[in-house]
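What follows is calculated from the coordinates using simple rules that are stated; it is not laboratory data. From a predicted model like this one, the values you see are computed outputs, not experimental measurements. A quick note on method: Cβ atoms are made from the backbone with ideal geometry, for glycine too, and the neighbour counts reach across all protein chains shown.
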Amino acid sequence: MEILSIRWTAVLVEEFEKSVRFFQEVMGFPLDLYDEARQFAFFWWEEEQQAFEVYGLDAEVPDEMNCAVAGFQVANLHSARAELEGLGIEFLGETTITPNGSGWAYFIGPDDFVYQVVQASLEYAHIRRGDLQKQATTGSGSAPAISGIAFIGVPATDFEETTKFFEEILRITRIPNSSCEHAVFRLPGGELLEIFGPDNEYDFYHPCPLVGFRVNDIRSVRETLQARGVTFVNEIDEHPNGGAWCDFRDNERTVYSLAQS
């Protein structure tokens with residue numbers, strides 16, 4: 001089994017319609033599918049082949065899903081699940097397969113965070129479901145240049161065990177670094193998975209996995225979002241290699257990040 005990319009991330013929200021409007025109209029995410037009855041919205045970045053999903057409280061998701069969920073793409077979902085179950089990984093419910101061949105299965109990782117293994121067909125972004133689908137509109141001027149998912153930051157109670165899980169069980173490539181209780185993994189798709197232990201030197205304080213969205217010009221995007229009323233919780237942190245990030249809150253005060261590589 002090889003983890004190919006972070007195909008999508010999913011979040012559970014209390015106020016479904018308000019959250020969908022926030023990500024569509026304020027953040028400028030391209031809305032591909034909206035199902036009010038099932039409380040499900042699907043945002044899709046065509047060029048990056050990545051998605052961001054929003055679920056309401058009445059949506060059919062595992063009860064254990066109370067934080068952002070990262071969906072790891074694999075070539076064969078059934079064989080990936082069988083391999084992980086053989087290694088003792090606990091899955092939640094049955095595997096879901098759609099008519100076009102896409103599918104997913106939820107599993108429990110370290111600190112009881114929920115993740116997915118995902119098999120996504122090339123046709124996935126082009127599903128159309130009649131009047132359930134809404135065309136994307138920004139509603140607040142031109143959309144900020146947010147182009148997909150850059151990284152997932154994962155807090156770890158036990159840094160060594162969590163790092164071992166992603167390195168030895170999921171076999172994601174680790175990038176050598178010298179930071180205290182901070183491990184960085186790079187997926188073949190280019191996304192980063194970062195693990196932060198309790199004593200990490202970056203003061204990573206999030207109780208749940210943090211989703212970082214990719215931007216090309218972080219200062220411009222930050223200014224645009226601030227003009228639209230988005231609250232940022234820190235200043236832009238810039239590194240000599242050109243990378244930069246900063247964190248903001250959505251309409252439910254959940255923290256996300258902008259990341260420039």
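Annotations
- What you get for the chain, charging only the Cβ of Lys and Arg (+1) and of Asp and Glu (-1), is a dipole of about 840 debye around the Cα centre.
- Most positive-pole-ward Cα, P240, C208, P62, against dipole of the chain from beta carbon charges: P240
- Charge-dipole axis of the chain as Lys and Arg at +1 and Asp and Glu at -1 on Cβ define it, positive-most pick from A105, Y115, L31: L31
- Coarse-grained scattering of the stretch 146-260 at q = 0.16, 0.20, 0.22 Å⁻¹, given as base-10 log I(q)/I(0) from a Debye sum over alpha-carbon atoms: -0.77, -1.15, -1.33
- Semi-axis lengths (Å, descending) of the ellipsoid that matches the C-alpha gyration tensor of the stretch 1-58: 21, 14, 9
- Alpha carbon convex hull of the stretch 5-123, projected area averaged over orientations, nm²: 7.6 nm²
- Count Lys and Arg as plus one, Asp and Glu as minus one, and take only other residues whose Cβ is under 9 Å from that of R38; the net charge is then -4.
- Computed from phi, the 3J(HN,Hα) profile of the stretch 53-59 under the Karplus parametrisation 6.51, -1.76, 1.60 (θ = phi - 60°) reads 10, 10, 10, x, 5, 9, 6 Hz, with x in place of Gly and Pro.
- Take the Cα of F232, step 7 Å toward its Cβ, do the same at E60, and the gap between the two points is 4.2 nm.
- The stretch 209-261: C-alpha pair distances exceeding 12 Å, %: 61 percent
- Least to most buried among E25, E83 (fewest other Cβ within 10 Å first): E83, E25
- Shape descriptor for the chain: Rg over Rh equals 0.94 (Cα atoms; Rh from the Kirkwood inverse mean 1/r).
- Arranged from fewest to most other beta-carbon atoms within 10 Å of their beta carbon, H182, H239, H206, H78 become H239, H78, H206, H182.
- Range in the chain, longest, excluding exposed chymotrypsin sites (Phe, Trp or Tyr not before Pro) [loop by DSSP; at most 15 other beta-carbon atoms within 10 Å]: 1-201
- Computed over the chain: relative contact order in percent, which uses C-alpha pairs under 8 Å that are six or more apart: 20 percent
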